[in-house]
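Encoded as structure tokens, the structure appears first; notes follow it.
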Amino acid sequence: MERKYADIIIDISHEKLDKTFQYVIPERLWEKVEVGTCVLAPFGKGNRLRKGYVARIGGQAAYAPEKLKEIADVERNAISAEERYIALAAWMKEQYGSTLIAALKTVLPIKQKVRKLERKSCKLLLDAGEAEELLRSCEGKRQTAKTRLLKELIQARELPMPWITGKLHISSQTVKSLEGQGAVEVLSESSYRNPVKIADNATDARMEAYKKEKCLNEEQRAAADGILADFDAGRRGTCLIHGITGSGKTEVYLEIIEGMIKRGKQAIVLIPEIALTYQTLLRFYARFGDRVSVMNSTLSQGEKYDQCERAKKGEIDVVIGPRSALFTPFSRLGVIIIDEEHEGTYKSESMPKYHARETAEKIASMQDAAVVLGSATPSLEAYYRAKTGKYKLYELKQRQPGRELPSVCTVDLREELRQGNRSIFSRKLRGLLEERLEKGEQSILFLNRRGYAGFVSCRSCGYVMKCPHCDVSLSEHAGGKLVCHYCGYTRPGVSGCPACGSKYILGFRAGTQQIEEAVRKEFPKARVLRMDADSTRTKDSYEGILNSFANGEADILLGTQMIVKGHDFPDVTLVGILAADLSLHVNDYRAGERTFQLLTQAAGRAGRGKKPGEVVIQTYDPGHYSIVHAANQDYSGFYEEEIMYREMLSYPPAAHMLAILAASPVEEEGMRLAEKIGELLKESGGSDGKDALRVIGPAAASVGKIQDIYRFMIYVKHADGGKLIEAKNAVEAFLEERQEKGEAGKETVQFDFDPLRSY
């Protein structure tokens, strides 16, 4: 007798169960079960029914058939996983380290079916004479609710049910009564939930400007035509568009997408922040109308479900959103565009810790699509790959006509202190702010708060306390102790500067609320908006703040990184960067790169309209190469200097790095496990030769304990990323062996390849 078997990924995210389990497919389910189907299967000693996804179907049993359990049923309300998603999840598990079910849940854009949205209306079936006769009858019987409804229906003939029950306060029972009399009919029409709300803004000046035909300059045309020509020739590689701020990268994206749509293809556009969604959407909607939609975490489950259905059916051509929009289920994908590709938000901070850039390249290879990266300040990884020939590079060196680069002034805060100015505003910035307020022009104040936990620096000479063994700053812990979180070096706190003896050496900390208070005190007549994590908690808060500022309802916009990422405000003529050093001396080898990117992006917000812009960078370290190159808007100069340090210290992209986090509620057990992993890697990683793994640690993590869980770090470096995947596999095998022997406790291990943040 023929039998069918299914290998199933059970919905339990636990390392011990990170494999497929084989089940018998009962004959009654043969027509319903296929690869990707979500099923209910008995699991464990109690045979509790658990959800799972079918990864493979075959006719051969891997075990004795009589020992295999049967699938109980198909899960009716769950979304099936397409075969490509299972393949993608398997790749992510191997590439980044996680359980297979965790990877599968990551790549599935939606997990549950949602009922379609129904729009109900009430239609009058009677002619005018019959309706008037019924109305008089209801009035005579004092049926006030029926009377009110009939009067409205005689005027309109058809009314939406929400309006009847909401505005008229008429119950559905009253409507049913009239329906029973044959007087009215309740109509129902299913429709998609549409998160794109543009109609109310159709007359927006920005929308009108976006609708105007824009001619591409030579550089823009070369990029768009080159990428489309490669696509037509079957070349599906990755391209990097390096364009200075204001050079019109978005116009190139629009041209590429228009070309893809003409070729019958669809496009995914990734943006780093939800805050950018509305402004980006306006530009794309002006070009492509309602064939554009969005996907992000602020959408309801119903809205997400409907956008996925529209994408599958080919009813939309373009989806815009942050990292998770990458998994939109397009069937005719032609291009994935990643705007501001340097942003750290493209790296997931939960398992699997995938990067959107590499994952996009994998999806593109699976669907025969192209990948386009764009940034004014490309990540060193992307630019390194472009310089070494892996990516094709297009450069946009000209700002669009009428948009000159702003003039940049660097202010030495040490000198301000010596002159007796202890305010957060330098004299230069205060004067320019007053000037802008008098002229009715807008300003942005950017608090570079990344690295809020702080570094320790001297306010007199700018000296920063650094680890003698690593090129990173020391972090201040309780009691003043200074710690390096890369090698574990510690030393007591200092009361005087080792370089100049000044007593003004301490951790630098500041917050947006304190800055807002200072701005209002200094400029009481100024209209101030603050945009940070606290002020943007609700669904429409990003859009509300940005709209208010764009419409001229505020003079000063104050905020953190989210206000400098790709926004286009033509009336902003001044950008003040209050504390450039806050990201410069954090405990991270990428600190210089991040500082350069943030300062360059922030400076690029000024002078994007017809009026020239000015930028003031306030810093205690004006001679640092990141600040010097950012002030000069010189990416090439910065890259050449930064890549030299990366090559000397074997940091990405010159080499690859794997961060392994071992955590345990018991400090000794966590450290013991970390030490065993470190020994395993040193033994299996080869000798001290050129091809050997370089293992650093274990040492306590930057935050050594979170919610009573102790954390320990091991860093592994090698020029070949494949060697690090092999190292990860060896650690996973070791952990699985510990589980089988019963030696494992409550410890957990996580992997992070080429980490974008310190631990």
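Annotation for region 673-736: trypsin sites (Lys or Arg not before Pro) lying in DSSP loop with at most 12 further Cβ atoms inside 10 Å of their Cβ are Lys690. Identify, among Gln301, Leu281, Tyr391, the residue whose Cα sits farthest towards the positive end of the charge dipole of region 267-395, taking +1 on the Cβ of Lys and Arg and -1 on the Cβ of Asp and Glu, with the dipole about the Cα centre. Positive-most Cα among the choices belongs to Tyr391. Just to confirm a number: summing +1 for Lys and Arg and -1 for Asp and Glu over residues other than Gln633 whose beta-carbon lies under 12 angstrom from that of Gln633, what do you get? Cβ neighbours under 12 Å give a net charge of 0. Semi-axes of the equivalent ellipsoid of region 199-396 are 23, 21, 17 Å, computed as sqrt(5λ) over the eigenvalues of the C-alpha gyration tensor in descending order.
Inverting the pair-averaged 1/r between distinct Cα atoms of the chain gives 29.6 Å as its Kirkwood hydrodynamic radius. Enter the Cα centre distance for the pair region 41-81 and region 697-745, rounded to the nearest angstrom. Spelled out, the Cα-based centre of one part sits 32 Å from the other. Rounded, prolate or oblate: which fits region 355-484 when a ≥ b ≥ c are the square roots of the eigenvalues of the alpha-carbon gyration tensor, with rounded for a/c under 1.5 and prolate only if a/b beats b/c? Since a/c reaches 1.5 but b/c is at least a/b, the shape of region 355-484 is classed as oblate.
When every Cα-Cα distance of region 600-719 is counted in 10 angstrom steps from zero, the calculated P(r) takes the values 12, 25, 22, 22, 15, 4, 0 percent.
When +1 charges are put on Lys and Arg Cβ atoms and -1 charges on Asp and Glu Cβ atoms, the dipole computed for region 199-396 relative to its Cα centre reaches about 500 debye. When you filter the GluC sites (Glu not before Pro) in region 244-352 for DSSP loop state and at most 14 other Cβ atoms inside 10 Å of their Cβ, you are left with Glu315, Glu349.
A convex hull fitted to the Cα coordinates of region 4-107 yields 103 cubic angstrom per residue. Histogrammed with a bin width of 10 Å, the alpha carbon distances of region 245-358 distribute as 14, 49, 33, 5 percent, first bin at zero.
Ratio of Rg to Rh for region 117-191: 0.95 [Cα atoms; Kirkwood radius as inverse mean 1/r over pairs].
Just going by the charge dipole of the chain, with Lys and Arg at +1 and Asp and Glu at -1 on Cβ, which of Ala499, Val456, Gly374 is farthest out on the positive end? Positive-end residue among those listed: Val456. Within the shell of other residues whose beta carbon sits under 10 angstrom from the beta carbon of Leu49, the net charge comes to +1, with Lys and Arg scored +1 and Asp and Glu -1. Magnitude of the charge dipole for the chain, about its Cα centre and with charges confined to Cβ atoms of Lys, Arg (+1) and Asp, Glu (-1), is about 1220 debye.
Sparsely packed loop sites in region 87-177 (the trypsin sites (Lys or Arg not before Pro) outside DSSP H, G, I, E and B with at most 11 other Cβ atoms within 10 Å) comprise Arg115, Lys141, Arg142, Lys167. Ordering Ala62, Tyr192, Leu557 by the projection of their Cα atoms onto the charge dipole of the chain, which places +1 on the Cβ of Lys and Arg and -1 on the Cβ of Asp and Glu, puts Tyr192 at the extreme positive end. Rounded to a whole number, what is D in µm²/s for region 40-162 from Stokes-Einstein with the Kirkwood radius over alpha-carbon pairs (25 °C, 0.890 mPa s)? So the translational diffusion coefficient is about 120 µm²/s. Both radii are taken from the alpha-carbon atoms of region 656-753; with Rh as the Kirkwood radius, Rg/Rh is 0.97. Expressed in Å, the radius of gyration and Dmax of the Cα atoms of region 377-448 are 19.1, 53.
For Val411, the amide hydrogen comes within under 5 Å of the amide hydrogens of Ile617, Gln618, Thr619, counting only partners 5 or more places away or on other chains and with H modelled in the peptide plane. Taking Cα centre as origin and charging only the Cβ of basic (Lys, Arg, +1) and acidic (Asp, Glu, -1) residues, the dipole magnitude of region 4-107 rounds to 300 debye.
Spatial offset of region 581-613 relative to region 632-668 amounts to 19 Å, using the alpha carbon center of each.
A short reminder: the numbers here are calculations on the coordinates, not readings from a lab. All values derive from a computational prediction rather than experimental measurement. In this analysis, Cβ positions are derived from the backbone assuming ideal geometry, glycine residues included, and neighbour counts consider all displayed protein chains.
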